[in-house]
């Protein structure tokens with residue numbers, strides 16, 4: 001079962017732990033590895049993400065990001081995490097449960113990014129499985145939604161390999177890399193079976 005508790009430092013927090021990976025909220029000490037990985041992955045990530053602001057990789061921008069993340073956590077609006085490899089604490093990417101809706105919905109939207117050197121090795125699939133457990137057992141959500149570009153075959157394989165079901169097609173859904181793009185829509189609900197890992201090379 002995934003555990004989570006906000007704390008002043010990651011040393012005082014229970015993380016989301018998966019098979020060979022763990023997730024925790026970003027801290028200021030993560031700035032260097034984060035900026036380095038994002039810069040090294042810029043070309044790899046650009047086709048799948050919104051256009052980066054000119055100051056996106058600066059220390060001041062990262063500090064503002066952390067403040068915004070803490071506010072979202074405090075308000076139960078979003079749960080942003082960095083993803084690390086167990087054993088060596090290497091930063092691999094990031095994952096967010098955002099747009100949390102309570103009341104009759106009890107739902108959130110899943111987003112994630114993987115550093116280029118670590119893509120295609122199964123890390124993100126393990127992270128999403130662990131996060132789904134956290135979302136249903138700890139946050140008491142009923143539904144996790146995700147969307148991806150129709151040509152993003154690795155992401156489609158990842159979601160379907162975990163148990164997300166394709167539910168629809170959204171025209172001009174998100175502005176990605178400067179253009180409004182269509183997206184495929186997926187969802188996983190708490191009564192769905194989370195599929196086990198197939199092999200080490202899964203996306």
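We did not get these values from a lab; they are worked out from the coordinates using the rules stated. Owing to the predicted nature of the structure, the values given are computational and were not obtained by experimental measurement. Reconstructed Cβ throughout: ideal geometry from the backbone, glycine too, with neighbour counts over all protein chains shown.
Data for the structure
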read-out: Cα centroid separation - the stretch 94-146 against the stretch 15-79, whole Å; value: 15
read-out: Among beta bridges that DSSP assigns inside the stretch 10-144, antiparallel share in %, nearest 5; value: 90
read-out: Computed label-point distance, nm, for sites residue 99 and residue 39 using a 7 Å Cα→Cβ extension; value: 3.3
read-out: Relative contact order [Cα under 8 Å, 6+ residues apart], the chain, whole percent; value: 21
read-out: Within a Gaussian network of the chain (alpha carbon springs, distance under 10 Å), most fluctuating of 107, 130, 40; value: 40
read-out: Space enclosed by the convex hull of the alpha-carbon atoms of the stretch 35-144, per residue, Å³; value: 122
read-out: Label-point separation in nm, residue 165 to residue 185, each point 7 Å along Cα→Cβ; value: 1.5
read-out: The stretch 86-198: projected area of the alpha-carbon convex hull, averaged over directions, in nm²; value: 8.0
read-out: Computed [θ] at 222 nm, deg cm²/dmol, the chain (DSSP H ≥ 4; -39,500 (n - 2.57); rounded to nearest 500); value: -8000 deg cm²/dmol
read-out: The chain - Debye-derived log10 I(q)/I(0), Cα point model, q = 0.12, 0.15 Å⁻¹; value: -0.59, -0.98
read-out: Distance histogram for the stretch 141-203 (every C-alpha pair counted, 5 angstrom bins, percent rounded to whole numbers); value: 4, 18, 24, 21, 17, 10, 5, 0
